[in-house]
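Asks: What follows is a single structure, and I will ask about it in a moment.
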Amino acid sequence: MSLDVLSETRDNRLFRESCFVGGKWVPASGDDRIAVTNPANGETLGHVPRLGTDETRRAIESAAEAWPAWRKLTAEARGAILYRWHELMLAHEDTLATIMTLEQGKPHAESAGEIRYAASFLKWFAEEARRAYGRTIPPAAAGQHIVVLRQPIGVAAAITPWNFPSSMITRKAGAALAAGCPMVVKPASATPFSALALAVLADEAGVPAGVFNVVTGSAREIASEMTSNPLVRKVSFTGSTEVGSALMRDSAANVQKVSLELGGNAPFIVFDDADLDAAVDGAIAAKFRNTGQTCVCVNRFYVHEAVHDTFVEKLRHRVEALRLGDGLDPETDVTPLIDSAAADKVLSHVEDATSRGATLVSGGRRHDRGENYVLPTLLTGIRHSMRVAQEETFGPLVAISTFHDEQEAIKLANDTPFGLAAYFYSENVHRVWRVAEGIEAGMIGINAGLISNAAAPFGGVKASGLGREGATEGLDEYLETKYLLMG
Ligand code: NAP
C-alpha cells in the first residue's frame with residue numbers, strides 16, 4: 001500500500017527533491033544528497049541535496065536582497081499573501097498529509113490535523129501583521145514627542161525538528177513574514193519533503209523570490225553559517241536542548257536574537273478530586289499523540305494514591321486498545337517511531353525502570369512489524385530517580401508514580417531542569433489556582449490534554465527554551481523596538 005501511495009505522491013508537483021533558494025529550485029550536485037526513508041517500512045522515499053556553507057550563504061544573501069521590498073509592502077499586502085498560502089495548504093491537505101505520514105510516520109489523520117494546525121499559523125499571522133503596533137509616550141519635557149516604532153528585525157534563520165515537519169516551520173515563517181522579515185529554513189533531514197512542499201505553495205501564493213528559502217543538508221555547516229553570518233539577525237530553533245544551547249552559544253558572537261523551543265519532561269498530575277474518566281481521555285491524548293514523540297507529550301504521571309488503582313485500570317484498557325500500524329492505514333492509532341534508535345531509547349527506559357522495581361503492566365517490547373515499532377507500554381511503581389522520570393522518553397510509554405499530597409505533587413512536577421508543558425486534573429477550583437501558579441512550566445493544561453493553538457503563546461521556561469511562538473508574542477520575536485525622541 002505504501003508504495004502505491006508513494007508513486008502517486010511522487011508524480012505530484014508538491015513532492016520535490018530540490019532545495020528552494022532565491023525563488024529557484026536547486027538540485028543536488030551529483031551524488032551529494034541525503035536519502036529519506038519511510039519509518040514504517042524502511043523504503044527510500046527519495047533524496048534531497050546535501051547543501052553546506054556556500055549554499056546557505058547564498059540563501060541568506062538572497063533573503064537579504066529580498067528584504068527591502070518585502071518590508072516595504074503594507075502589512076495588509078503581506079497578510080494577503082500569507083492568507084493565500086494558508087488557503088493553498090488547506091486545498092492540498094490530503095497530499096501534504098500523505099507526504100508527512102510517509103516521511104514522519106504519524107497516522108494520516110494526525111498528519112492532516114497537523115496540516116490544518118500549520119496552516120492556522122499562516123492565517124493567524126496574516127491577521128496579526130496589521131497589529132504590529134507601536135506607541136506614543138508622554139514626554140519628559142514640554143514640546144517633545146516620544147514615539148515607539150516596531151520594525152522588522154531582518155533576515156531570520158530557522159532550524160526545525162522532524163516531529164512536526166510542517167507546523168514548526170509555519171509557526172516561525174508565518175510570524176517572520178508577517179513582521180516583514182525574510183526567512184531561511186533548514187528542516188530536519190528525516191522530514192524535508194514536507195518543508196519543500198510548503199515552499200512550492202509559498203511560491204504559488206505569491207511569496208516573492210528570496211523571502212522564503214529552504215535548504216537541506218549538513219546541520220552543522222548550515223547552522224554554523226546561520227549563526228556566523230552578520231546578515232542574519234534572528235535565529236529560531238526548535239529541537240533538542242543540547243543543540244539549542246549550542247546554537248545560543250554560537251549566535252552570541254554576532255549577538256543575534258534567539259528563540260529556542262526545546263525539550264520537555266511534562267508532568268501529568270491526577271488529584272483525588274479529579275474526574276477520572278476525563279483524566280484518562282486527557283492522558284491518552286497528551287501521551288500518545290504522534291506516538292509520544294511531541295515536546296509536550298506527558299513524560300511523568302503522578303496519580304494520588306487514593307485513586308491510583310482505579311486510574312491505572314481505566315488507562316490500561318485504553319492503552320491496550322490502541323492499534324499499532326502503518327500511519328497510512330486508517331485503522332492505526334500509534335505508529336512506528338522515527339528510527340530504531342528512538343525505539344531503543346524507549347526500551348532502555350523500560351529496562352532501567354523494571355530492573356529497579358517498577359511493574360510492567362502492558363507492552364514493554366518491540367512489535368514484530370519492525371525495529372521502529374514499540375508496543376504501547378504502561379509501567380507503574382516509578383521512582384523519581386529512574387531514567388524515565390529524568391529524561392524525555394519520546395515514545396509510547398506511560399510511567400506512573402503515586403503521591404500523597406498537593407505539595408509533594410508540585411515539588412515532584414518541578415524537580416526537573418525542564419519546564420515546557422504540564423497537565424493536571426482536579427475539580428477543586430482553589431486547588432486549580434494553587435497548582436497552576438505553583439508549577440514551573442510555560443504551558444499548563446488544566447483538565448485538558450491538548451493545549452496547542454495558534455492564538456496562544458507556545459514555549460517553555462528553564463531548559464525548555466526562550467521566547468514564545470504563536471499569539472501576539474510570536475510576532476514580537478521578529479520585531480525590533482525603536483524609540484524616537486522629537487525635540
Ligand atoms: P535535534 O536533534 O535537536 O534536531 C533538530 C534540528 O536541529 C534538526 O533540523 C537537526 O538537523 C538540527 N541539528 C542537529 N544537530 C545540529 C547541530 N549540531 N547544530 C545545528 N543544528 C543541528 O532534535 P530532534 O530529535 O529533531 O527533535 C526532537 C526534540 O525537539 C525533542 O527534544 C523535542 O522535545 C524538541 N521539540 C521541541 C518543541 C518545542 O516547541 N519546544 C517542538 C518540537 C520538538 P538534522 O535533522 O539534519 O540532524
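The values are calculated or read from the model by the stated rules, or taken from the named source; none is laboratory data. All of these numbers come straight from a predicted model, not from anything done at the bench. Glycine gets a Cβ as well: all are built from the backbone with ideal geometry, and neighbour counts include every protein chain shown. For the accessible areas, the whole protein counts, side chains as well, though only heavy atoms, and no ligand, DNA or RNA atoms are used. Shrake-Rupley method; radii C 1.70, N 1.55, O 1.52, S 1.80 Å.
Asks: Please return the ranges of helices (runs of 4 or more DSSP H) entirely within the stretch 2-100 where 3 or more residues are within 18 Å of E114 (Cβ to Cβ) and open to solvent by 50 Å² or more (accessible area, probe 1.4 Å).
Replies: 75-91
Asks: From V303, V298, which residue is away from the ligand (no atom under 16 Å from the Cβ) and closer than 19 Å to T393 by Cβ? Working first, answer last.
Replies: Working: V298 fails: away from the ligand (no atom under 16 Å from the Cβ).
Criteria check complete, one pass: V303.
Asks: Let me ask something else. Can you pull out every residue in the stretch 352-363 that is open to solvent by 20 Å² or more (accessible area, probe 1.4 Å) and of a type outside the set (S, T, Y)?
Replies: Restricting attention to the stretch 352-363, the residues satisfying the condition of being open to solvent by 20 Å² or more (accessible area, probe 1.4 Å) are 352, 354-357, 359-361, 363.
Matches in the stretch 352-363: D352, R356, G357, L360, V361, G363.
Asks: Taking only the stretch 206-228 into account, find how many residues are farther than 16 Å from A28 by Cβ and either touching a Cys at 6+ places or on another chain (Cβ under 9 Å) or crowded, with 20+ Cβ neighbours inside 10 Å (or both). Steps first, answer last, please.
Replies: Just the residues of the stretch 206-228 that are farther than 16 Å from A28 by Cβ, to begin with: 206-213, 219-220, 223-228.
From the residues that got through so far, the ones that are either touching a Cys at 6+ places or on another chain (Cβ under 9 Å) or crowded, with 20+ Cβ neighbours inside 10 Å (or both) too are 207, 210-213, 223, 225-227.
Residues that pass the stated criteria total 9.
Asks: Which ones in the stretch 152-179 are in contact with a helix residue (DSSP H, G or I) (Cβ under 7 Å, 6 or more places away or on another chain), surrounded by fewer than 24 Cβ atoms within 10 Å (Cβ to Cβ) and over 12 Å from S236 (Cα atoms)?
Replies: Passing the criteria: P152, G154, W162.
Asks: Hey, which of the strands (runs of 3 or more DSSP E) in the stretch 179-244, taking only ones fully inside, have at least 2 residues that are within 12 Å of the ligand (Cβ to nearest atom)? Explain how you work it out, then say what you get.
Replies: Details: elements: 183-186, 212-214, 232-238.
Ranges flagged: 183-186, 232-238.
Asks: To continue, here is another question. So L337 fits all but one of (1) in contact with a His (Cβ under 9 Å, 6 or more places away or on another chain); (2) surrounded by 24 or more Cβ atoms within 10 Å (Cβ to Cβ); what number is the exception?
Replies: Going through (1) in contact with a His (Cβ under 9 Å, 6 or more places away or on another chain); (2) surrounded by 24 or more Cβ atoms within 10 Å (Cβ to Cβ) one by one, L337 breaks only (1).
Asks: Mind listing whichever residues of the stretch 391-424 are crowded, with 17+ Cβ neighbours inside 10 Å and part of a helix (DSSP H, G or I)? Write out each step before concluding.
Replies: Of all residues in the stretch 391-424, those crowded, with 17+ Cβ neighbours inside 10 Å come to 391-403, 406, 409-410, 412-413, 416, 418-424.
Scanning the stretch 391-424 gives E406, A409, I410, L412, A413.
Asks: Scanning the stretch 247-257 for residues that are within 16 Å of the ligand (Cβ to nearest atom) and open to solvent by 30 Å² or more (accessible area, probe 1.4 Å), which turns out nearest to L322 (Cα to Cα)? Full working, then the answer.
Replies: Of the residues in the stretch 247-257, the ones within 16 Å of the ligand (Cβ to nearest atom) are 247-254, 256.
Narrowing the set further to residues that are open to solvent by 30 Å² or more (accessible area, probe 1.4 Å) leaves 248-250, 252-254.
Details: M248: 40, R249: 42, D250: 43, A252: 46, A253: 49, N254: 49 Å.
Checking each candidate, the answer is M248.
Asks: If I filter the stretch 425-474 down to residues being part of a strand (DSSP E or B) and of a type outside the set (A, V, I, L, M, F, W, C), which single residue comes out as farthest from the ligand (Cβ to nearest atom)?
Replies: Let us first name the residues in the stretch 425-474 that are part of a strand (DSSP E or B), namely 425, 443-446, 458, 461-462, 465-466, 469.
The next check asks that each one be of a type outside the set (A, V, I, L, M, F, W, C); those that pass are 425, 445, 462, 465, 469.
Values: Y425: 23, G445: 15, K462: 12, G465: 6, E469: 7 Å.
Per the stated criteria, the residue is Y425.
Asks: Of the conditions (1) open to solvent by 10 Å² or more (accessible area, probe 1.4 Å); (2) in contact with a strand residue (DSSP E or B) (Cβ under 9 Å, 6 or more places away or on another chain); (3) closer than 28 Å to I115 by Cβ, L149 fails just one. Which one is it?
Replies: Of everything listed in (1) open to solvent by 10 Å² or more (accessible area, probe 1.4 Å); (2) in contact with a strand residue (DSSP E or B) (Cβ under 9 Å, 6 or more places away or on another chain); (3) closer than 28 Å to I115 by Cβ, L149 misses just condition (3).
Asks: Mind checking which pairs have a first residue in the stretch 230-245 that is open to solvent by less than 50 Å² (accessible area, probe 1.4 Å) and among the small types (G, A, S) and a second that is within 14 Å of the ligand (Cβ to nearest atom) and in a helix (DSSP H, G or I), Cβ under 8 Å, 6 or more apart or different chains?
Replies: Within 8 Å, the pairs are S236/K172.
Asks: Another question, then. Given (1) open to solvent by less than 30 Å² (accessible area, probe 1.4 Å); (2) farther than 30 Å from W433 by Cβ, where does E371 come up short, assuming only one miss?
Replies: (1)
Asks: Continuing with the same structure: Evaluate the stretch 269-282: report whether one residue or more is within 14 Å of the ligand (Cβ to nearest atom) and in contact with a Ser or Thr (Cβ under 8 Å, 6 or more places away or on another chain). Don't jump to the end; show me each part of the working.
Replies: The first filter runs over the stretch 269-282 and keeps only residues within 14 Å of the ligand (Cβ to nearest atom), leaving none.
No, the conditions are met nowhere in the stretch 269-282.
Asks: Has the stretch 133-146 got any residue that is within 22 Å of the chain's Cα centre (by Cα) and either exposed (fewer than 15 other Cβ atoms within 10 Å of the Cβ) or not in a helix (DSSP H, G or I) (or both)?
Replies: Going through the stretch 133-146, the residues within 22 Å of the chain's Cα centre (by Cα) turn out to be none.
The answer is no; no qualifying residue exists.
Asks: Taking only the stretch 29-44 into account, find how many residues are at pLDDT 95 or above and more than 26 Å from the chain's Cα centre (by Cα).
Replies: Initially, the stretch 29-44 is screened for residues at pLDDT 95 or above, giving 33-44.
Imposing the further condition that a residue be more than 26 Å from the chain's Cα centre (by Cα) reduces the set to none.
So the count comes out to 0.
Asks: Among A158, A129, which is the only one that is modelled with pLDDT of 95 or more and more than 16 Å from the ligand (Cβ to nearest atom)?
Replies: Details: A158 fails: more than 16 Å from the ligand (Cβ to nearest atom).
Being modelled with pLDDT of 95 or more and more than 16 Å from the ligand (Cβ to nearest atom) holds for just one of A158, A129, which is A129.
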